[in-house]
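S.K.: Take this structure, written in structure tokens, and hold onto it; I'll ask about it next.
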Amino acid sequence: MTDEKEGTFLVTHVEEDSAVLKDAHDGQVHTLSSNPGLAVDDAVEATVAPDPPMEVTYRVIELEERRSLSLERSEEPPTVHERELATDLGTGELTREPRAGIGEIHVLSPPEDATEEAADDVLSDREGTLSRAARLGVNRVEVRAEPGVLSVRYLP
């Protein structure tokens with residue numbers, strides 16, 4: 001029996017001789033016994049396996065894909081479509097919509113006076129937001145806001 005695990009991981013910490021991967025689907029954390037050239041905020045499609053004999057650290061068996069992820073606040077306001085989606089939501093609600101091609105758009109309707117705080121919450125939850133981006137197979141997350149409308153755009 002093998003304990004290999006294949007999946008999508010977010011690189012959350014790196015050092016010269018190690019790295020920490022977080023499974024983008026189940027949240028399990030894997031500390032690598034070496035760093036195969038990874039950087040923080042990379043998303044990787046990989047197969048990992050425990051290092052013998054104690055199996056407390058992992059090694060990368062196969063690295064299929066590596067891409068750099070970014071999270072940024074845009075000065076642009078939400079699009080007309082995103083504002084329309086928000087008008088159909090009750091205060092504090094969220095809707096998700098697939099983008100044409102790859103990615104998703106999440107639209108939230110925070111109270112008007114709490115929109116900036118909601119945007120800051122998304123930006124400060126870097127690990128959670130980038131794990132979602134890794135799961136969705138995108139490279140970039142863009143946050144747009146105006147009073148009462150917050151859009152989180154998961155983009156290729």
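The values are calculated or read from the model by the stated rules, or taken from the named source; none is laboratory data. Being a predicted model, the structure only gives us computed values, none of them experimental. Cβ sites come from the backbone with ideal geometry, for glycine too, and all protein chains shown count toward neighbours.
S.K.: Looking at the structure I just gave you, is Glu65 closer than 17 Å to Val138 by Cβ, free of Cβ contacts under 8 Å to residues at least 24 places away in the same chain and of a type in the set (D, E, K, R)? It would help to see each step written out before you state the result.
M.R.: Working: closer than 17 Å to Val138 by Cβ: yes; free of Cβ contacts under 8 Å to residues at least 24 places away in the same chain: yes; of a type in the set (D, E, K, R): yes.
Here the answer is yes, as Glu65 does meet what is asked.
S.K.: Still on this structure, please answer the following. Taking only segment 72-122 into account, find how many residues are under 22 Å from Leu136 (Cα atoms), out of contact with any Gly (no Cβ under 7 Å at 6 or more places or on another chain), surrounded by fewer than 15 Cβ atoms within 10 Å (Cβ to Cβ) and hydrophobic (A, V, I, L, M, F, W, C).
M.R.: The qualifying residues number 2.
S.K.: Sort out which residues of segment 102-144 are part of a loop (DSSP other than H, G, I, E, B) and more than 20 Å from Leu71 (Cβ to Cβ), and write them in order of number. Explain how you work it out, then say what you get.
M.R.: From segment 102-144, those part of a loop (DSSP other than H, G, I, E, B) are 102-103, 109-111, 125, 137-139; that's our starting set.
Once the filter is applied, which keeps residues that are part of a loop (DSSP other than H, G, I, E, B) and more than 20 Å from Leu71 (Cβ to Cβ), segment 102-144 yields Ser109, Pro111.
S.K.: While we're looking at this one, here's another question. Considering only segment 18-53, how many residues are surrounded by 13 or more Cβ atoms within 10 Å (Cβ to Cβ), within 11 Å of Arg66 (Cβ to Cβ) and among the aliphatic types (A, V, I, L, M)?
M.R.: Residues flagged as surrounded by 13 or more Cβ atoms within 10 Å (Cβ to Cβ), within 11 Å of Arg66 (Cβ to Cβ) and among the aliphatic types (A, V, I, L, M) within segment 18-53 amount to 4.
S.K.: Moving on. Taking Asp120 as the residue in question, decide whether it is without any contact (Cβ under 8 Å) to a residue 24 or more places away in the chain and under 14 Å from Glu75 (Cα atoms).
M.R.: Numbers: without any contact (Cβ under 8 Å) to a residue 24 or more places away in the chain: yes; under 14 Å from Glu75 (Cα atoms): yes.
Taking the combined requirement at face value, the residue satisfies it.
S.K.: (1) buried (at least 21 other Cβ atoms within 10 Å of the Cβ); (2) touching a Gly at 6+ places or on another chain (Cβ under 6 Å): which one isn't true of Leu155, the others all being true?
M.R.: Status for Leu155: all satisfied but (1).
S.K.: Turning to a different aspect of this structure: Give the residues of segment 94-135 that are under 19 Å from Gly27 (Cβ atoms) and of a type in the set (Ser, Thr, Tyr), sorted by residue number.
M.R.: Ser124, Thr129, Ser131
S.K.: Please work out if Leu85 is in the same structural domain as Glu142 (by TED's automatic domain parsing) and of a type outside the set (D, E, K, R). Quick ask: steps written out before the conclusion?
M.R.: Values: in the same structural domain as Glu142 (by TED's automatic domain parsing): yes; of a type outside the set (D, E, K, R): yes.
When the stated conditions are applied, Leu85 passes them.
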